[in-house]
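Everything on this sheet refers to the single structure shown next.
The values are calculated or read from the model by the stated rules, or taken from the named source; none is laboratory data. On a predicted model such as this, the values are computed, not experimentally measured, just so you know. Backbone-built Cβ (ideal geometry, glycine too); neighbour counts: all protein chains shown.
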Amino acid sequence: MVNYKCLNPIAAVGVNLFTDDYKQVDSVEEAEAVLVRSASMHEMDLPADLKAIARAGAGVNNIPLDKCAEKGIVVFNTPGANANGVKELVMAGLMLASRNVVGGINWVQSIKDDPDVAKLVEKGKSQFAGREILGKKLGVIGLGAIGVLVANAANGLGMEVYGYDPYLSLEHAWNLSRDIKYVKTKEEIYHTCDYITVHVPLLPDTKEMINKDTMAMMKDGVVILNFARDLLVNDNDMEAALKRGKVKCYVTDFPNEKTAGMEGVIAIPHLGASTEESEDNCAVMAVKQLKQYMETGTIKNSVNYPNCDAGALPSGKRITINHKNIPNMLTQFTGVLSSENINISNLINKSKGDYAYTVIDIEEELSAAIEEKISEIEGVLKVRVI
């Protein structure tokens with residue numbers, strides 16, 4: 001029986017995938033697995049038996065990744081599960097910024113009680129005239145699951161689309177329309193495009209990538225869309241660029257105390273993945289990844305441990321070992337088993353940064369004493385026998 005805890009409401013279509021071998025518990029202290037959406041785990045005491053955390057969403061800033069890795073806890077996320085929901089809102093943001101729809105709606109609300117509202121609308125609508133996106137140039141920075149969908153959708157609407165991603169995967173490259181102009185530098189997008197949308201993770205080298213220096217390279221009147229992370233944009237520099245007309249409009253899905261009231265900003269309350277379909281997709285993906293890890297040891301879409309396809313369970317036993325990525329670990333593991341005349345039928349080892357993961361299939365039963373010997377090896381963080 002595997003005990004699991006939901007820290008947030010998780011869509012039933014996902015939770016219902018758990019079989020009778022899983023039991024939902026009331027407290028984290030009892031859990032071997034955790035499902036979470038937005039709840040912060042940074043101040044939580046993580047129990048010794050906790051083996052995995054699945055985030056039903058892409059962002060994992062609410063989870064202490066290093067602390068989890070050090071305790072041998074694998075953290076999963078669900079990249080791509082909410083991609084279509086975000087794509088649709090990006091396209092909506094593109095339209096809102098181009099046609100000044102928000103300004104027009106707000107103006108109508110201000111005159112709604114006037115008995116001559118219909119006449120006023122016809123007289124005043126010219127102040128909200130916008131521009132069409134057909135034939136305009138859109139730059140997509142980051143061609144992951146969301147960026148590819150945005151690029152293809154914009155191309156379908158007749159835009160001239162430029163894409164940049166130095167880490168473009170083969171899978172996403174195959175899905176990218178052949179009409180997209182793939183460029184080698186961000187600067188080509190800055191110099192060329194009328195609209196720029198960013199879809200990259202928040203990393204040290206992407207933090208505040210949209211700033212006074214990069215905006216100086218852009219066309220006057222550029223529209224910038226940010227549905228990825230708020231810290232990708234320097235808010236003070238953006239405010240200055242909006243005031244002088246360098247940037248016509250900034251659309252963000254991450255309002256804060258600075259941008260929420262900033263003139264020229266369309267601030268959306270983080271609705272990118274807030275669709276029934278996205279929540280269902282994330283829940284299903286999170287539960288499936290959690291079950292696969294607990295039942296077979298396979299890791300897919302982990303953010304702190306390497307992905308590892310452990311394959312079908314052997315006829316004997318499977319040992320999974322979360323450990324530091326340091327020399328001589330495999331020799332020590334195999335040494336313990338060979339000293340007990342245990343034959344290894346298969347061994348897989350993967351690493352990611354400071355941490356590694358080893359799966360060993362054996363043909364015999366494994367005693368608690370042998371499991372203890374492996375766990376006592378310096379650098380071993382968690383041992384599990386399936």
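Tabulated data
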| item | result |
| --- | --- |
| Which listed residue is surrounded by fewer than 20 Cβ atoms within 10 Å (Cβ to Cβ), among the β-branched types (Val, Ile, Thr), at pLDDT 95 or above and assigned by TED's automatic domain parsing to the domain that holds residue 230, from 192, 197 | 192 |
| Leading residue by the ranking (surrounded by the most Cβ atoms within 10 Å (Cβ to Cβ)) among those in the stretch 122-145 that are among the hydrophobic types (A, V, I, L, M, F, W, C) and modelled with pLDDT of 95 or more | 140 |
| Residue in the stretch 279-299 that is under 28 Å from residue 83 (Cα atoms), modelled with pLDDT under 95 and surrounded by fewer than 16 Cβ atoms within 10 Å (Cβ to Cβ) present | no |
| Filter result for the condition that a residue is surrounded by 14 or more Cβ atoms within 10 Å (Cβ to Cβ), β-branched (Val, Ile, Thr), free of Cβ contacts under 8 Å to residues at least 40 places away in the same chain and outside any loop (DSSP other than H, G, I, E, B), over 334, 320 | 334 |
| Subset of the stretch 269-308 [part of a loop (DSSP other than H, G, I, E, B), closer than 14 Å to residue 74 by Cα and out of contact with any Leu (no Cβ under 9 Å at 6 or more places or on another chain)] | 298, 300, 301, 305, 306, 307 |
| Verdict on residue 88 being of a type in the set (Asp, Glu) and surrounded by 16 or more Cβ atoms within 10 Å (Cβ to Cβ) | yes |
| Complete set of residues in the stretch 175-207 that are touching a helix residue (DSSP H, G or I) at 6+ places or on another chain (Cβ under 6 Å) and of a type in the set (D, E, K, R) | 179, 207 |
| Among the residues listed as 141, 105, 146, the single one being over 30 Å from residue 357 (Cα atoms) and under 24 Å from the mean Cα position of the chain (by Cα) | 141 |
| Test: residue in the stretch 268-277 that is within 22 Å of residue 55 (Cβ to Cβ), in contact (Cβ under 8 Å) with a residue 60 or more places away in the chain and buried (at least 22 other Cβ atoms within 10 Å of the Cβ) | yes |
| Of all residues in the stretch 11-57 being of a type in the set (Lys, Arg) and assigned to a loop (DSSP other than H, G, I, E, B), the one that is surrounded by the fewest Cβ atoms within 10 Å (Cβ to Cβ) | 37 |
